[in-house]
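S.K.: To start, I am sharing the structure in question, which I have written as structure tokens.
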Amino acid sequence: MRHRLNAFAAAALVAGMLGIVHAADALPAHRFFHVTLGAASSQPTSGRLLLFATGAEAAKTEAFKASAGKDGTVREVDASPLSPASTSVAAMDVPHWTPGQTLDIDADQVAFPAGYSQLPEGDYYVQAVLDVNHDYNYAGRGAGDLVSDVVKVHLPSASIPSLSLVKALSARDPWQLPDSAPAERRQLIATARQHAHDIDFTSAALSAFWGRPMLMKGRVLTPPGYDPKGARRYPTVYYTQGYGGNNDRVIGTLAYVWDAMARGEMPPMIWVFLDESSPTGTHEFADSVNNGPWGRALTTELIPSLEKQYRMDGKASGRFLNGHSSGGWATLWLQTRYPGVFGGTWSTSPDPSDFHDFTGIDLYAPHANVYRRADGSAYPLVRNKGKVIGTFQQFAQMERVLGPYGGQLASFEWVFSPRGKDGRPLPMFDRDTGDVDPAVIDYWRDHYDIAHRLQQQWPMLKKQLDGKIHLYVGTADTFYLDGAAHRLKAVLDDLGAKTDFRFIPGRTHFDLYAVGMDRQGLLKEIAWSMYAVARPASSLKRTAP
């Protein structure tokens, strides 16, 4: 039996009872879509229903471009913060949905950048997705999500368009490349896998915080010639991923490091690829009242456990940190918070380390607003080759529609903010107006503003921290993160600290590591710098590629 929860029908019934239905009112001002739980699931389910729409002609043009002119078929409609104006998205939470049941989603009630009734008349490709794990903001669509086919519709339509969820997305083996991938690449992944070892460590501290067993995940990569019973020990690199990263998405970097070590283009070291993803975004290995004591768990539980299991140096001069973006902030935080544990951080394009410049916004300014400057102009957040392609407001409001968990801005609040009465972190800013909450920012400053902490505690930190901070960022960083890096450098310079800051001309957030034709070439340079600290007397030299 087919069931339907029809918001439009309910509204029409109420209007009829009030005697205000007219012929011209046959369709509501809001745009509705029928979505049926079809062949995608034979069991009741729940999640956040997302509806995406994009202009048909532009989508076909992009499809042709992506296929080098071979195929203009649009196979997926999705939103991207790197192109916020190109796709509209509407959302609705679904607490219970039975197979065959049809729901009506109001595409004007919760929508970005505006309700569907505001879309210009024309042809659109639309697609529905049920985000069953409420992690779309962080990972996009993935295993278990239910999707419809891409359907072409004309809006506004004479009748309510219908879609059906017909496919459940399956899990993908991260070690398995498609047959179309080059054979050499597939062989490299298979070889690297033989030297990679999963981390599934139950943390006592995190389990106590959450009241249930909590795992710390990652992968350990051992170098060529590694003998678990041998006498030789190795420096160790703790690598943290950026926002959107996880255990599956690090395989490419892991294989690159293995290949570079095998060729002699990187020194022999043990690499620990740490997974800092969580349902709330990235926990960034910070001790937080919302996420729990991740930094303490890493430094007092996981690292000692790994050093008992693997032939690691097991001392600060042989423990190093490297990470990019949110991972860059995490490594900078870990080095400054636990200076005696690590021998140096090589942090690249870190998230803001001085909240006087939070992607270009001074959060400490009187009446601070993250959406608008005092003159009313919008704060940009995303740029490409000098062109602004997204504002802070667009980014925040798209995130809100995609869901309350896992978004980049919400992730900051789960790490940095005090806990509210409802058990959730207090928001740093109002999502409607952009107004900053100064009380929340005071808390951010006192607990997580790295520049502020260094200013306040440098006499105590200097002995163990001086000379250990290495930071790289592009002068054209996509998210304006070079501004905060300049401020951090100025603070450390004023303190007389020994540091290594490199502002790479013209580089963005995404091409920072490129050296010549090698897209990850900077990682090789960083690895040799680390090795020089751990083995200052070594005569080992880098093999030319």
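S.K.: Using the Cα centre of the chain as origin and beta-carbon charges of +1 (Lys, Arg) and -1 (Asp, Glu), tell me which of PRO224, LEU103, LEU155 is placed farthest towards the positive end of the dipole.
M.R.: PRO224
S.K.: Sort LYS315, LYS70, LYS498, LYS524 from largest to smallest accessible area, using a 1.4 Å probe on the heavy atoms of the protein chains.
M.R.: Numbers: LYS315 115, LYS70 170, LYS498 140, LYS524 15 Å².
Heavy-atom accessible area, descending, gives LYS70, LYS498, LYS315, LYS524.
S.K.: If R0 is 22 Å, what FRET efficiency do you get for THR73 and LEU169 from their C-beta distance, rounded to 0.05? Each step should come with its number before you reach the end.
M.R.: Working: r = 19 Å, r/R0 = 0.84.
E(calc), rounded to 0.05, equals 0.75.
S.K.: Calculate the tail of P(r) for segment 164-305: the fraction of all Cα-Cα distances greater than 26 Å, expressed in %. Working shown, then result.
M.R.: Numbers: 3472 of 10011 pairs.
Tail fraction, whole percent: 35.
S.K.: Rounded to the nearest whole Å², what accessible area per residue is found for segment 331-372 with the 1.4 Å probe? Kindly include the intermediate steps, with their values, before the conclusion.
M.R.: Working: 1040 Å² over 42 residues.
Accessible surface, normalised per residue, equals 25 Å².
S.K.: Is any residue of segment 176-197 close enough, with backbone N under 14 Å, to a label point placed 7 angstrom from the Cα of SER83 along the Cα-Cβ axis, and if so, which?
M.R.: none
S.K.: Within straight cross-link reach of LYS421, meaning Cα distance under 19 Å, which aspartates and glutamates are found once same-chain residues fewer than 8 apart are removed?
M.R.: Leaving aside aspartates and glutamates fewer than 8 places away in the same chain, those within reach of LYS421 are GLU413, ASP430, ASP437, ASP442.
S.K.: Going 7 Å from the Cα of ALA378 in the Cα-to-Cβ direction, what parts of segment 63-103 have a backbone nitrogen less than 16 Å from that spot?
M.R.: Only 80-89 fall inside the zone, counting backbone N under 16 Å.
S.K.: Could you tell me the calculated FRET efficiency between ASP430 and ALA365, based on Cβ-Cβ distance and R0 = 25 angstrom, to the nearest 0.05?
M.R.: Numbers: r = 16 Å, r/R0 = 0.63.
So, using R0 = 25 Å, E works out to roughly 0.95.
S.K.: Between TRP210 and ALA490, what is 0.36 nm times their sequence separation minus the Cα-Cα distance? Round to one decimal in nm. Write out the running numbers ahead of the final one.
M.R.: Details: separation 280, 0.36 × 280 = 100.80 nm, distance 3.90 nm.
Additional length available on full extension: 96.9 nm.
S.K.: Of the listed peptides 351-359, 427-435, what is their order by residue-averaged count of other C-beta atoms within 10 Å, with the highest listed first? Provide the component values of the computation, followed by the final result.
M.R.: Working: 351-359: 23.7, 427-435: 16.2.
Descending mean neighbour count gives 351-359, 427-435.
S.K.: Follow-up question, since we're still on this one. Could you work out the Kirkwood radius for segment 359-422, taking every pair of different alpha carbons, averaging 1/r and inverting it, reported in Å? The partial results should precede the final answer.
M.R.: Values: mean 1/r = 0.0750 Å⁻¹.
Computed over Cα pairs of segment 359-422, the Kirkwood hydrodynamic radius comes out at 13.3 Å.
S.K.: Excluding ligands and nucleic acids, what accessible area in Å² is computed for LEU103 using a 1.4 Å probe, to the nearest 10?
M.R.: Here the residue's solvent-accessible area equals roughly 10 Å².
S.K.: Can you check how the C-alpha radius of gyration of segment 123-225 compares to 2.2 N^0.38 Å, as a plain ratio?
M.R.: Taking the Cα Rg and dividing by 2.2 N^0.38 Å, one obtains 1.64.
S.K.: How many times 2.2 N^0.38 Å is the alpha carbon radius of gyration of the chain? Walk me through the intermediate numbers first.
M.R.: Working: Rg = 25.5 Å, N = 545, 2.2 N^0.38 = 24.1 Å.
With N residues counted in the chain, Rg over 2.2 N^0.38 Å equals 1.06.
S.K.: Further question on the same structure: Assuming 0.36 nm per residue, please report the length gained on full extension of the stretch ASP248 to HIS197 beyond their Cα-Cα distance.
M.R.: Numbers: separation 51, 0.36 × 51 = 18.36 nm, distance 1.30 nm.
Gain on stretching ASP248 to HIS197: 17.1 nm.
S.K.: Follow-up question, since we're still on this one. At what distance in nm do the modelled label points of LYS385 and ALA39 sit from each other, each positioned 7 Å from its Cα along Cα→Cβ?
M.R.: Placing both labels 7 Å beyond Cα along the Cβ direction yields 4.3 nm.
S.K.: Straight-line reach from LYS167: which aspartates and glutamates fall under 15 Å, measuring Cα to Cα and dropping same-chain residues less than 8 apart?
M.R.: Within reach: GLU76, ASP131, ASP145, ASP149.
S.K.: Could you calculate the FRET efficiency of GLU525 with THR98 from 1/(1 + (r/R0)^6), where r is the beta carbon distance between them and R0 is 60 Å, rounded to 0.05? Before the final figure, lay out the partial values.
M.R.: Values: r = 57 Å, r/R0 = 0.95.
Here the calculated transfer efficiency is 0.60.
S.K.: Related question: Below 26 Å, Cα to Cα, which lysines can LYS315 reach? Residues fewer than 8 away in the same chain don't count.
M.R.: Excluding near neighbours in sequence, the set is LYS217, LYS229, LYS462, LYS463, LYS468, LYS498, LYS524, LYS541.
S.K.: Under the 0.36 nm per residue contour assumption, what length would be gained going from the current alpha-carbon distance of SER317 and ASP179 to full extension? The partial results should precede the final answer.
M.R.: Details: separation 138, 0.36 × 138 = 49.68 nm, distance 4.31 nm.
Here the segment from SER317 to ASP179 would lengthen by 45.4 nm.
The values are calculated or read from the model by the stated rules, or taken from the named source; none is laboratory data. Everything quoted here is computed from the prediction, not taken from an experiment. Cβ coordinates were reconstructed from backbone atoms using ideal geometry, including for glycine residues, and neighbour counts include every protein chain displayed. The area values use the complete protein model at the heavy-atom level, side chains included, leaving out ligands, DNA and RNA. Shrake-Rupley method; radii C 1.70, N 1.55, O 1.52, S 1.80 Å.
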